[in-house]
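Student: Following this message is one structure expressed as structure tokens.
The values are calculated or read from the model by the stated rules, or taken from the named source; none is laboratory data. As the structure is a computational prediction, the values presented were derived from the model and not from experiment. When we count neighbours, we look across all protein chains shown, and the Cβ atoms used for this are built from the backbone with ideal geometry, even at glycine. Calculation scope for accessible area: heavy atoms of the full protein, side chains included, ligands and nucleic acids excluded. Shrake-Rupley method; radii C 1.70, N 1.55, O 1.52, S 1.80 Å.
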Amino acid sequence: MHIDSHFDSGNIDVVEILPGNRANLRIKKDAGDEHMQWFYFRVDGVRDQACTLRILNAGQASYPKAWDGYRVCTSVDRQTWTRVDTKFDDGILTIEHRPQGQMQWYAYFAPHTHEQHLELLSECQLSSLVTIDRLGATVDGRDLHRLVVGEGTLQFWVIARQHPGESMASWWMEGFLARLLDPDDAIARRLREMVTVHVVPHMNPDGAIRGHLRCNAAGANLNREWETPTIKRSPEVFFTLEAMDISGVDFCLDVHGDEELPYNFLSGAEGIDGYDTSRLPHLCEVFSTAYERANPDLQREHGYPVDAPGTANMTMCTNAVAARFQCPAYTLEMPFKDNANAPDPVFGWSPERSAHLGASGVDALVHLAQAFTDAE
């Protein structure tokens, strides 16, 4: 048995390989040594042999409760990812599996690597409906790209992957952009007429390549940098916010994944000053209702507690942007586990379902745009 993670988005340390195809492993921490939970590694040489893989420091992860009910993702071809029963006991995450291939990959969620991100950008630029520009450079010097679609007066921003381990956000983007750029989709065409959509599909490419859960190369949690971002610590947020100031923002959607809750849900900016006395509750209700109607994988019963008025964490994107531009804003969360309301025992919550949820976002944005028009 050989175990390796020296590839794009890989993360694991091999403590020891023992007789009987057993291995003790540890997840490596993000830069800054505060967070860890994402893992992605390959096992070689034990095809059709029973293996036991133990992640010894799982109990020290950023969200240890997330392991309850969790099932690991695995693949032979890195195209189709299925789930394997996984046990968490005494702080150790144990995977017992018989690899189907000479090389078998295991990951916290189906990865969406930096190469896949570049392929997505390359495909999108072939469309005459989009322009792509470079907002700036990340800590490690990688490009931070924005896609601009549509010609309407409303300015909608959609960003994803502030937390690099939340790869379902990139799969969401695959579905969203494919539909947004579909010249034959009447809903997408209507959205492009009413709105200029600014899309930053990957806010944290450095962290993704490094195999981080939440942080960029400087150890910054980007979704805690929106109050006072700096070029040195959080250039990804600094340059995005700079571009938002130039365009203005009428709506912002920040796409994420949640480790613990087995649901898709929205989290709003109810805690910012003046939220209840503005038009924001109505516009947010329009968007959330339309999104739930467009895709039943989204629900509004389960989610985060709603902040009391005046208690919002202003370092977070949704709160900071809603307050700065007095606009509706939401964080979208998808599960690492499964959608408990519609479980899939083979795939769990998957790249495909993430992409479908992304495509459905176009429907919700059209309804929101219409609500703006009706209010004029």
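Student: With unit charges on the beta carbon (Lys/Arg positive, Asp/Glu negative), name the residue among 302, 289, 318 whose Cα is farthest towards the positive pole of the charge dipole of the range 246-376.
Tutor: Highest projection toward the positive end goes to 318.
Student: Further question on the same structure: Please give the per residue volume of the convex hull enclosing the alpha carbon atoms of the chain, rounded to a whole number of Å³.
Tutor: Details: hull volume 48.6 nm³, N = 376.
Once divided by residue count, the hull of the chain is 129 Å³.
Student: Taking the chain as a Gaussian network, where each spring joins two C-alpha atoms under 10 Å apart, which residue of 341, 216, 264 fluctuates the most?
Tutor: 341
Student: Suppose R0 equals 25 Å; then what is the FRET efficiency for residue 133 and residue 370 from their Cβ-Cβ distance, rounded to the nearest 0.05?
Tutor: On the way: r = 28 Å, r/R0 = 1.13.
Between residue 133 and residue 370 the formula returns 0.35.
Student: Which residues does the label zone of residue 50 cover in the range 80-120, counting backbone N under 17 Å from a point 7 Å along Cα→Cβ?
Tutor: Counting backbone N atoms under 17 Å from the label point, the list is 85-87, 94-100.
Student: Next question, about the same structure. Can you tell me how much longer the chain between residue 245 and residue 89 gets when fully stretched, taken as 0.36 nm per residue apart minus their C-alpha distance, in nm with one decimal? Can you show the working numbers first?
Tutor: Values: separation 156, 0.36 × 156 = 56.16 nm, distance 4.84 nm.
Here the segment from residue 245 to residue 89 would lengthen by 51.3 nm.
Student: Suppose a student asked you for the relative contact order of the range 172-217, using Cα pairs under 8 Å spaced at least 6 residues apart; what percent would you report? Display every interim value, and only then the final one.
Tutor: Values: 21 pairs, mean separation 9.5, N = 46.
Relative contact order, the range 172-217: 21 percent.
Student: Can I ask one more? Taking θ = phi - 60°, what integer Hz values does the Karplus form 6.51 cos²θ - 1.76 cosθ + 1.60 yield along the range 140-150, in sequence order, with x for Gly and Pro?
Tutor: For the range 140-150, the Karplus-derived couplings read 7, x, 7, 6, 10, 9, 10, 10, 10, 10, x Hz, x marking Gly and Pro.
Student: Computed FRET efficiency, Cβ-Cβ of residue 151 and residue 60, R0 51 Å: what is it to the nearest 0.05?
Tutor: On the way: r = 50 Å, r/R0 = 0.98.
Plugging the Cβ-Cβ distance into 1/(1 + (r/R0)^6) gives 0.50.
Student: Output the relative contact order of the chain, whole-number percent, from Cα pairs under 8 angstrom with separation of 6+ residues. Let's see the in-between values first.
Tutor: On the way: 903 pairs, mean separation 66.8, N = 376.
Relative CO of the chain lands at 18 percent.
Student: In terms of the Cα gyration tensor, with a ≥ b ≥ c the square roots of its eigenvalues, is the range 95-151 rounded because a/c is under 1.5, prolate because a/b exceeds b/c, or oblate?
Tutor: Values: a/c = 3.69, a/b = 2.18, b/c = 1.69.
Prolate is the answer for the range 95-151, as a/c is 1.5 or above and a/b outweighs b/c.
Student: Leaving out ligands, DNA and RNA, what percent of the accessible area of the range 281-370 is carbon and sulfur, probe 1.4 Å? Please list the in-between numbers first.
Tutor: Numbers: 2060 of 3580 Å².
Carbon with sulfur: 57 percent of the solvent-accessible area.
Student: By how many nm would the segment from residue 143 to residue 300 grow when fully extended, if each residue of separation counts as 0.36 nm and the alpha-carbon distance is taken off? Walk me through the intermediate numbers first.
Tutor: Working: separation 157, 0.36 × 157 = 56.52 nm, distance 3.56 nm.
Here the answer is 53.0 nm.
Student: Follow-up question, since we're still on this one. Rounded to the nearest 0.05, what FRET efficiency do residue 16 and residue 346 give with R0 = 25 Å and r taken as the Cβ-Cβ distance? Could you check?
Tutor: On the way: r = 32 Å, r/R0 = 1.28.
Step by step, r from the Cβ atoms, then E = 0.20.
Student: Quick one: with all protein chains in place, what share of the accessible area of the range 57-168 is carbon or sulfur, to the nearest percent (1.4 Å probe)? Display every interim value, and only then the final one.
Tutor: Working: 2070 of 4800 Å².
Roughly 43 percent of what the probe reaches on the range 57-168 is carbon or sulfur.
Student: May I ask you to list the chymotrypsin sites (Phe, Trp or Tyr not before Pro) in the range 65-159 that are in a DSSP loop and have at most 11 other Cβ atoms within 10 Å of their Cβ? Mind dumping the intermediate values first?
Tutor: On the way: sites: 67, 70, 81, 88, 105, 106, 108, 109, 156, 157; in loops: 70, 81, 108, 109.
Answer by residue number: there is no such site.
Student: In square angstrom, what is the accessible area per residue of the chain with a 1.4 angstrom probe? Each step should come with its number before you reach the end.
Tutor: Values: 14970 Å² over 376 residues.
Ligands and nucleic acids excluded, the figure is 40 Å² per residue.
Student: So, one more: Order 133, 68, 338, most accessible first, counting only protein heavy atoms with a 1.4 angstrom probe. Let's see the in-between values first.
Tutor: Numbers: 133 50, 68 95, 338 25 Å².
Order by accessible area, largest first: 68, 133, 338.
Student: Ok, one more. Once the whole set of protein chains is in place, how much accessible area is left on residue 231, using a 1.4 Å probe, in Å² to the nearest 10?
Tutor: Accessible area of residue 231: about 90 Å².
Student: While we're looking at this one, here's another question. Give me the tail of P(r) for the range 142-210 as a percent: Cα-Cα pairs with distance above 17 Å. Mind dumping the intermediate values first?
Tutor: Values: 1052 of 2346 pairs.
Summing the P(r) of the range 142-210 above 17 Å gives 45 percent of all pairs.
Student: How much length is gained if the chain between residue 293 and residue 123 is pulled fully straight, taking 0.36 nm per residue apart and subtracting their Cα-Cα distance, in nm to one decimal?
Tutor: Values: separation 170, 0.36 × 170 = 61.20 nm, distance 2.95 nm.
The span from residue 293 to residue 123 would gain 58.3 nm if fully extended.
Student: What number, rounded to the nearest 500 deg cm²/dmol, is the helix-based mean residue ellipticity at 222 nm of the chain, given -39500 (n - 2.57) per DSSP H run of at least four residues and division by all its residues?
Tutor: On the way: 8 runs with 102 residues, N = 376.
After summing the helix terms and dividing by residue count, I get -8500 deg cm²/dmol.
Student: Put a dot 7 Å past each Cα toward the Cβ at residue 103 and residue 115; how far apart are the dots in nm?
Tutor: 0.9
Student: Right, next: Compare 163, 302 by solvent-accessible area with a 1.4 Å probe and give them largest first, with all protein chains kept in place.
Tutor: Working: 163 5, 302 65 Å².
Reading off the accessible areas and sorting them downward yields 302, 163.
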